[in-house]
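Engineer: What follows is a structure written as structure tokens; I'll ask about it next.
The values are calculated or read from the model by the stated rules, or taken from the named source; none is laboratory data. For clarity, every value in this text was computed on a predicted model and none was experimentally measured. Glycine gets a Cβ as well: all are built from the backbone with ideal geometry, and neighbour counts include every protein chain shown.
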Amino acid sequence: MDWLQTTLVIYGRAVSKGARLAVRNWPMFAALFVYGAILNATVALAVLLGPIGGIVIYLVSALCFGSFLASVEAIVRSGKATLNDFRRSFGMYFSDVIGVMFAQWIFVMILNMLAAVPNGAAIAAFATLAAWVFFNAVPELIYLGHYSTMEMLGESYSFIAQNWIEWFPINVALGFAMIALWDLLPDGGVLWTALRMAVMGVFVYFTMVVRGLLFVELAGSSRRGRIFRHRASG
């Protein structure tokens, strides 16, 4: 019971602070429109570039995702992401994201080879689930950990192995909440579509900020230490 009470208190802190920060930084939802516009333009250009078009999409995707993580970092660390933070974010964590995407590409190639052998599809499905579980904290480690790619994967595995029971319930709940919110929001017409995207953009940042806050708290303490602090504060 002590563990459950302690975990719920941690969730309460992360969600309440994440909500405040998401509301305070609500203009950042516009960044997702910028990333979408950049990626759409890149796809249109890639068609004209032939074989190297795929590489260009790959690189620009890494650029945008690194920028997104940098803006989340600014909110988590300082509570405020400014326009200057957004401008400076392009190029930040580019090499880290490229490294992770390359590792993911190698992993997918291996899965494709596995799928061709007897019972390979089941093995590939299990490997995919295991990778999603043990490398789930990689986005937070990119901007809060600053490791090399292989170190990052190892640190994510270690973090999940130690904190999986605290990490996943709220993350799964946020994932379902995002799906439900998308289905509930009206869609039709320019205004409603813009409103839907704006609300979803704020919720995406809220989710990522909650993950960042939770990661900081869990990575900086042991389960026993958290329970002890909870008892002492009670």
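Engineer: As an exercise: evaluate S221 against (1) within 20 Å of Y35 (Cβ to Cβ); (2) among the hydroxyl-bearing types (S, T, Y); (3) modelled with pLDDT under 90 and give the number of the one condition it does not meet.
Structural biologist: Condition not satisfied by S221: (1).
Engineer: Got at least one residue in the range 145-153 being of a type in the set (A, V, I, L, M) and farther than 30 Å from R13 by Cβ?
Structural biologist: Within the range 145-153 (the criterion being of a type in the set (A, V, I, L, M) and farther than 30 Å from R13 by Cβ), the answer is yes, since at least one residue qualifies.
Engineer: Among the residues of the range 72-79, are any in a helix (DSSP H, G or I) and over 18 Å from the mean Cα position of the chain (by Cα)?
Structural biologist: Step one: of the range 72-79, the residues in a helix (DSSP H, G or I) are 72-78.
Adding the requirement that they be over 18 Å from the mean Cα position of the chain (by Cα) leaves 78.
Yes.
Engineer: Do any residues in the range 23-43 that are on the phi < 0 side of the Ramachandran plot and surrounded by 14 or more Cβ atoms within 10 Å (Cβ to Cβ) have Cβ atoms under 6 Å from those of residues that are of a type in the set (V, I, T) and in a helix (DSSP H, G or I), where the two are at least six apart or on different chains, and which pairs are they?
Structural biologist: Once the first residue is on the phi < 0 side of the Ramachandran plot and surrounded by 14 or more Cβ atoms within 10 Å (Cβ to Cβ) and sits in the range 23-43, its partners that are of a type in the set (V, I, T) and in a helix (DSSP H, G or I) give N25/I75; W26/V202; F29/V202; T42/I57; T42/V60.
Engineer: Additional query: The conditions are (1) surrounded by fewer than 17 Cβ atoms within 10 Å (Cβ to Cβ); (2) modelled with pLDDT under 90; (3) of a type in the set (A, V, I, L, M, F, W, C); (4) more than 22 Å from the chain's Cα centre (by Cα), and L111 fails exactly one of them. Which is it?
Structural biologist: (1)
Engineer: Here's something else I'd like to know. Name every residue in the range 84-104 that is of a type in the set (D, E, K, R) and touching a residue at least 24 places away in the same chain (Cβ under 8 Å), in order of residue number.
Structural biologist: Within the range 84-104, just D96 meets the criteria.
Engineer: Can I ask one more? Checking M208 against (1) modelled with pLDDT of 95 or more; (2) more than 29 Å from S67 (Cβ to Cβ), only one condition comes out false. Which one?
Structural biologist: Here M208 clears every test but (2).
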